[in-house]
Amino acid sequence: VQLQAFGGGLVQAGDSLRLSCVASARTFRTYEMGWFRQAPGKEREFVSAISRGGGRTYYADSVKGRFTISRDAKNTVYLQMNSLKPEDTAVYYCAADSKNGMVVVTPSGYDYWGQGTLVTVSS
């Protein structure tokens, strides 16, 4: 499956952005989906994930209460990011997993990755 993420940009602290990730797979609903991010000089870290049916969502503590993950029935997963902070600055990646049968929060648990979209939050 191919993933294409977009929606990043340069915003000020306190602003909002919505990231989208479009999947090419006709079997999109069979994939658990996740969002990760990687800041310069840091390892890729988990941000959020959603189960294949959309009924279960997971968030890193650093974004809980500010970010919301969702998915539609067709082929897109979203990450609504509110109250952005400078420490949210990173390249954001979407990822898809079809093998685990459950949501995982580690990058190694995902089979497919999008190209990343840059989010820059100025103070």
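The values are calculated or read from the model by the stated rules, or taken from the named source; none is laboratory data. This is a predicted model, so every value here is computed, not measured. Quick reminder, even Gly has a Cβ in these numbers, built from the backbone with ideal geometry, and neighbours come from all protein chains shown. Calculation scope for accessible area: heavy atoms of the full protein, side chains included, ligands and nucleic acids excluded. Shrake-Rupley method; radii C 1.70, N 1.55, O 1.52, S 1.80 Å.
Each Lys and Arg contributes +1 and each Asp and Glu -1, all at the Cβ; summed about the Cα centre of the chain, the dipole is approximately 340 debye.
To the nearest 10, the accessible area of Val11 is 20 Å² with a 1.4 Å probe. Surface composition of segment 1-121: carbon plus sulfur atoms contribute 48% of the solvent-accessible area (1.4 Å probe, protein chains only, all chains present). Sorting Leu10, Leu79 on solvent-accessible area from highest to lowest, probe radius 1.4 Å, gives Leu10, Leu79. For the pair Asp72 and Gln12, a Förster radius of 30 Å applied to the C-beta separation gives a FRET efficiency near 0.55, rounded to the nearest 0.05. Distance between the pseudo-spin-label points of Glu45 and Val22 (7 Å out from Cα toward the beta carbon): 3.1 nm. If the chain linking Leu118 and Thr30 were pulled fully straight, counting 0.36 nm for each residue of separation and taking away their Cα-Cα distance, it would gain 29.0 nm. Protein-only accessible surface at a 1.4 angstrom probe places the residues Arg71, Arg26 in the order Arg26, Arg71, largest first.
In terms of Cα to Cα distance under 16 Å, which aspartates and glutamates are near enough to Lys74, apart from those fewer than 8 places away along the same chain? Output for Lys74: Glu32.
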